[in-house]
1. Return only the number of the condition from (1) at pLDDT below 50; (2) open to solvent by 70 Å² or more (accessible area, probe 1.4 Å) that Arg245 does not satisfy.
2. Any idea how many residues of segment 122-169 are part of a helix (DSSP H, G or I), of a type outside the set (D, E, K, R) and touching a residue at least 40 places away in the same chain (Cβ under 8 Å)?
3. Out of curiosity, is Ala159 aliphatic (A, V, I, L, M) and surrounded by 16 or more Cβ atoms within 10 Å (Cβ to Cβ)?
4. Report yes if Leu43 is under 30 Å from Lys199 (Cα atoms) and open to solvent by less than 30 Å² (accessible area, probe 1.4 Å), otherwise no.
5. If you go through segment 162-183, how many residues are open to solvent by 60 Å² or more (accessible area, probe 1.4 Å) and under 23 Å from Ile3 (Cα atoms)?
6. Quick check, is Pro256 loosely packed, with under 11 Cβ neighbours inside 10 Å and either modelled with pLDDT of 95 or more or outside any helix (DSSP H, G or I) (or both)?
7. Of the conditions (1) open to solvent by less than 60 Å² (accessible area, probe 1.4 Å); (2) touching a helix residue (DSSP H, G or I) at 6+ places or on another chain (Cβ under 8 Å); (3) more than 11 Å from Leu161 (Cβ to Cβ), Val224 clears all except one; give me its number.
8. Give segment 184-198 a look and list any residue that's open to solvent by 100 Å² or more (accessible area, probe 1.4 Å), under 16 Å from Val2 (Cβ atoms) and touching a helix residue (DSSP H, G or I) at 6+ places or on another chain (Cβ under 9 Å), or say none.
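The values are calculated or read from the model by the stated rules, or taken from the named source; none is laboratory data. Computed from a predicted structure; not experimentally measured. All Cβ positions, glycine included, derive from the backbone under ideal geometry; neighbour counts span all protein chains shown. The protein model used for the area step is the full one, side chains on, heavy atoms only, and it has no ligands, DNA or RNA in it. Shrake-Rupley method; radii C 1.70, N 1.55, O 1.52, S 1.80 Å.
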Amino acid sequence: LVIDPFKDRKTGKAMYPYGTIPRLLLFWIVTEATQNKSRHIRLGNSLDAFIRAVGLSPRTGGGKRSDAKRLTSQIERLVRASISFESEQDTHRAWVDMKIASRAEFWFDPARTNQDNLWDSWIKLGEEFYDAITAAPVPVDVRALRALKRSPLALDLYAWLTYTTFTAARKGKSRLVPWEGLHAQMGAEYAEVRDFKKKVIVTLKKVQLAYPAMKVESTKVGLVVHPSSTAIPITKVRPLPPHNREVSSLNIHKKPV
């Protein structure tokens with residue numbers, strides 16, 4: 001997985017998306033795309049409402065550290081980035097390049113979050129990206145996202161475990177994921193697998209509080225994910241009004257090529 005950031009025209013700096021906000025934005029974007037079945041994602045004309053919809057607070061902090069300022073910065077970093085899935089084995093090479101958004105228009109002013117704009121802000125998802133995130137969505141609980149929103153690793157684990165629990169339940173058997181494999185997926189910040197393992201075990205306790213139905217155990221070899229109920233029963237998922245949902249959707253594409 002390769003993230004190719006866009007470059008700021010004034011500074012030439014690579015603008016990578018990072019932290020919890022792009023993760024929360026992805027949950028929200030996948031929900032909108034899945035439920036509305038459209039590449040055109042309406043962000044609305046109220047920054048206050050959009051901030052709350054993502055799971056943040058328009059009244060948090062001030063200046064550069066406010067949720068409003070960070071959100072308006074991170075959404076541009078996210079939707080202007082490109083994602084590549086690459087595979088190379090012996091003589092075989094394959095890849096898929098995805099532009100998250102092909103077009104966008106923002107009217108938000110982080111200094112005036114409570115001021116409604118005359119025009120809507122919106123994004124149009126790239127076709128490859130839209131197809132990937134809507135191919136096989138698995139529902140997640142927005143309340144859990146809000147409880148875990150301060151930890152990027154907790155959000156990553158929750159997302160991954162939601163999908164892995166679903167596939168384990170569908171196949172009717174547990175899945176063992178080695179620590180080395182999990183480290184390769186989401187442990188780039190940790191040079192040593194053992195340090196990553198310690199952090200995962202601690203963070204897993206927080207995830208289990210937010211997702212009590214999940215059945216997972218840590219072993220010396222890796223994590224064992226047992227069949228159990230999904231965060232939200234899939235048969236009970238119903239579309240809710242925009243900006244007032246208790247259910248989100250997630251898809252982790254297993255074979256992008």
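1. If we test Arg245 against (1) at pLDDT below 50; (2) open to solvent by 70 Å² or more (accessible area, probe 1.4 Å), just (2) comes out false.
2. As a first pass, look at segment 122-169 and keep what is part of a helix (DSSP H, G or I): 127-134, 142-148, 152-169.
Subset that is of a type outside the set (D, E, K, R): 129-130, 132-134, 142, 144-145, 147-148, 152-155, 157-169.
So of that shortlist, the ones also touching a residue at least 40 places away in the same chain (Cβ under 8 Å) come out as 129-130, 132-134, 142, 144-145, 147-148, 152-155, 157-166, 168-169.
Number of matching residues: 26.
3. Numbers: aliphatic (A, V, I, L, M): yes; surrounded by 16 or more Cβ atoms within 10 Å (Cβ to Cβ): yes.
Judged against the criteria, Ala159 is a match.
4. Numbers: under 30 Å from Lys199 (Cα atoms): no; open to solvent by less than 30 Å² (accessible area, probe 1.4 Å): yes.
It is false that Leu43 is under 30 Å from Lys199 (Cα atoms) and open to solvent by less than 30 Å² (accessible area, probe 1.4 Å).
5. 1
6. no
7. Condition not satisfied by Val224: (2).
8. Our first condition is that a residue be open to solvent by 100 Å² or more (accessible area, probe 1.4 Å); within segment 184-198, this holds for 185, 188-189, 194, 198.
Remaining after also requiring under 16 Å from Val2 (Cβ atoms): 185, 188.
The one that is open to solvent by 100 Å² or more (accessible area, probe 1.4 Å), under 16 Å from Val2 (Cβ atoms) and touching a helix residue (DSSP H, G or I) at 6+ places or on another chain (Cβ under 9 Å): Gln185.
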